[in-house]
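Colleague: Pasting a structure here, questions to come.
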Amino acid sequence: MWNKVLLKWAKCPSPAQETRWLWVRLSVLPSFGFLFDIDGVLVRGKTPIPAARTAFRKLVNSQGQFLVPVVFVTNAGNCLRQEKADQLSHLLGISQDQVMMSHSPLRMFKRYHEKCVLVSGQGPLLDIAQDLGFCQPITIDTLREKRPLLDAVDHDRRPSILVGVDFSVVLFGEPVRWETSLQLIIDVLLTSGYPGNPYEQENYPHIPVLACNMDLMFGHGTFMVCLENIYKKITGKELKYEALMGKPSRLTYQYAEHLIRAQALQRSWEQPIQTLYAVGDNLMTDVYGANLYNRYLEESSSKGSKARIQAKLLASAAAAHCRSVLVCTGVYNPHTEVFDPGLVEPDHIVPDVDAAVDLVFQLENFAPN
Ligand SMILES: [Mg+2]
């Protein structure tokens, strides 16, 4: 397991609290990877957090190459990942392949890429959708322009861009005019993609809905709650998501792990990645998500189960653990009340990201050349 082994003396307290010297094996190749949150960990708005510069110097070699697999995972969704990578470029040259936005796992949903999708949110929605692989995205604005003159009797005036059978809805983030988006998305759901047609009960299960970033505190989660409630009031049935992504969803961590493995493979690091360290400032997204994923990894590994085999096929999930590391440079407030304290209890609390890197290197006995 130890690709190369260095030995050093380390000072360890014995069970009798005496100091003894023990041999500790140091690894020069990583069997772990980092998932860094961005806002509150590396930057505050556009300003870099000083500890991030120090931390990053430890993460790269003299050629500027990363010494461990690193993915930057943000719940932001209203820009392209290249824009986020550029935002971090004053800290370090990173590639867009290392950046995960809330919508990035949509790359895996290839079965929707050829189909018509209605996209809701803000920012360059069509660019984002096309960058993710969608060939036929339509924005709410485009649909709205087609809709006002809609005549249910005159079939020629029905919007030709919508094809019911292969239609789906992607919710990227909160839109600007909620009432317009809510109305049109509901119309599309009730009519299976033909908003000119009357609503029919048999349009259930409704056409697929894929949603990013369900964070209740920052807008989109609240928008989704509105949509779910309106749908239920009208139909008496639950709005069901084909997929939910963004922290704290499991899908996001599976995709992050997939990217971590891809980096390790690219660098020919042959040691299996055993542990993921998720460093973040938010209990409800970063810590909760990491702990939830850890629970999933440990449960599926203890069962040795079908779920684990399936996960390996789907998203290369093969790590044994996902550890949560909370930093105090962002939104974390020790006096905030939380629900489900079990899952929002971080494995480690450190002052900043530099301390997080030191801690993980120490825990992993990692000593790169
Ligand atoms: Mg944050």
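Readers should treat all values here as calculations from the given coordinates under stated rules, not as data from a laboratory. This one's a predicted model, so the numbers in the text were calculated from it and none came from an experiment. Note that each Cβ is placed from the backbone with ideal geometry, even for glycine, and that neighbours are counted across all protein chains shown.
Colleague: So, by mean Cβ neighbours within 10 angstrom, what's the order for 65-72, 76-83 with the highest one leading?
Modeller: Details: 65-72: 20.6, 76-83: 18.6.
Packing proxy ranking, top to bottom: 65-72, 76-83.
Colleague: Beta carbons within 10 angstrom, averaged per residue: use that to sort the peptides 343-349, 107-113, 198-204, 183-189, highest first. Numbers along the way, then the final one.
Modeller: On the way: 343-349: 18.0, 107-113: 15.4, 198-204: 11.1, 183-189: 21.0.
By packing density, highest mean first, the sequence is 183-189, 343-349, 107-113, 198-204.
Colleague: Same structure again: Do any of LYS146/LYS247; LYS46/LYS232; LYS115/LYS247; LYS110/LYS233; LYS146/LYS232; LYS84/LYS233 go past 30 Å between their Cα atoms, and which?
Modeller: On the way: LYS146/LYS247 35 Å; LYS46/LYS232 41 Å; LYS115/LYS247 26 Å; LYS110/LYS233 32 Å; LYS146/LYS232 26 Å; LYS84/LYS233 39 Å.
Listed pairs above 30 Å: LYS146/LYS247; LYS46/LYS232; LYS110/LYS233; LYS84/LYS233.
Colleague: Here is a further query. Where does each of 287-300, 266-279, 231-244 land if you order them by average Cβ count within 10 Å, highest first? Don't jump to the answer; show the numbers that get you there.
Modeller: Values: 287-300: 21.4, 266-279: 17.9, 231-244: 14.6.
Ranking, from highest mean packing down: 287-300, 266-279, 231-244.
Colleague: Per residue of region 275-291, what does 6.51 cos²θ - 1.76 cosθ + 1.60 with θ = phi - 60° give for ³J(HN,Hα)? Whole Hz please, x for Gly and Pro, Karplus curve as stated.
Modeller: Result, rounded to whole Hz: 10, 9, 10, 9, 9, x, 10, 10, 4, 7, 10, 5, 6, 4, x, 5, 5.
Colleague: Near the amide H of VAL73, under 5 Å away, which other amide H atoms are found, from residues 5 or more places off or on another chain, if H is placed in the peptide plane?
Modeller: Distant-sequence amide H within range of VAL73: PHE36, ASP37, ILE38, MET100.
Colleague: Ok, one more. Taking the simple approach of a point 7 Å from Cα along Cα-to-Cβ for both GLN274 and ASN197, what is their distance in nm?
Modeller: Those two pseudo-labels are separated by 5.6 nm.
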